[in-house]
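Okay, so here's the structure we're looking at.
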Amino acid sequence: MTGWEPANPDFAQAVGRVLETMPAARHLGFRVARLAPGEAELVQPYRAELTQGGGYFQGGVLGSLADFAGGAAAGTLLPDGWANMTIDYTVKILAPGKGDEIIARGRVLKPGSVLTIAAADVFSADPAGETLCAVAFVTLRNVRLPKPGPTA
């Protein structure tokens, strides 16, 4: 538990809606396992088209999931009508990502009105347990979404 207070009481619905409508998220096919103020857990099931040789999850997939987890965690603290966009992320791969699924647990390190800094731990998981396979730091720009204008 982080102790962060969400600015939007409907943060889980708002973050879930953003992820559900994002084409890249739909393409990867991960699911949101948990959202809490300043935290997000995403699960990416194994799919052969997301792997490289030997059945290992490709590094870009690990990075994408870490980015989404950090962004989702940051999104839980945004006011209604705001979104965030990644401006930078760094991923360090620590072990091969091989298993039934990949789990990314994002958390806010420092929220701000303009920038939010988050981190994500990425685990490969199978029936034997979880193995930490990557860590990431994610910097996000918070932006107010334009209000819908009148339609002609």
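Values quoted throughout were computed directly from the atomic coordinates according to the rules given, and no laboratory measurement underlies them. The shown structure was predicted, so the numbers you read here are calculated from the model rather than taken from an experiment. Note: ideal-geometry Cβ built from the backbone for every residue, glycine included; neighbour counts use all protein chains shown.
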- prompt: Got a number for residues in the stretch 96-106 being farther than 15 Å from Leu78 by Cβ and in a strand (DSSP E or B)?
  reply: 5
- request: Tell me, yes or no, whether the stretch 47-55 has at least one residue that is free of Cβ contacts under 8 Å to residues at least 40 places away in the same chain, surrounded by 15 or more Cβ atoms within 10 Å (Cβ to Cβ), over 14 Å from Ala118 (Cα atoms) and of a type in the set (Ser, Thr, Tyr).
  value: yes
query: Looking at the stretch 20-35, which of its residues are touching a strand residue (DSSP E or B) at 6+ places or on another chain (Cβ under 6 Å) and either crowded, with 19+ Cβ neighbours inside 10 Å or in a helix (DSSP H, G or I) (or both)?
result: Phe30
statement: The lone condition Pro79 fails out of (1) part of a loop (DSSP other than H, G, I, E, B); (2) loosely packed, with under 13 Cβ neighbours inside 10 Å is (2)
field: Output for the stretch 86-137, where each listed residue is under 18 Å from Val15 (Cα atoms), touching an Asp or Glu at 6+ places or on another chain (Cβ under 6 Å) and crowded, with 18+ Cβ neighbours inside 10 Å
entry: Arg105, Arg107
- prompt: How many residues does the stretch 36-75 hold that are assigned to a loop (DSSP other than H, G, I, E, B) and polar (S, T, N, Q)?
  reply: 2
- line: Conditions (1) farther than 20 Å from Lys92 by Cβ; (2) surrounded by fewer than 20 Cβ atoms within 10 Å (Cβ to Cβ); (3) in contact with a Leu (Cβ under 8 Å, 6 or more places away or on another chain) -> Gly38 fails only (2)
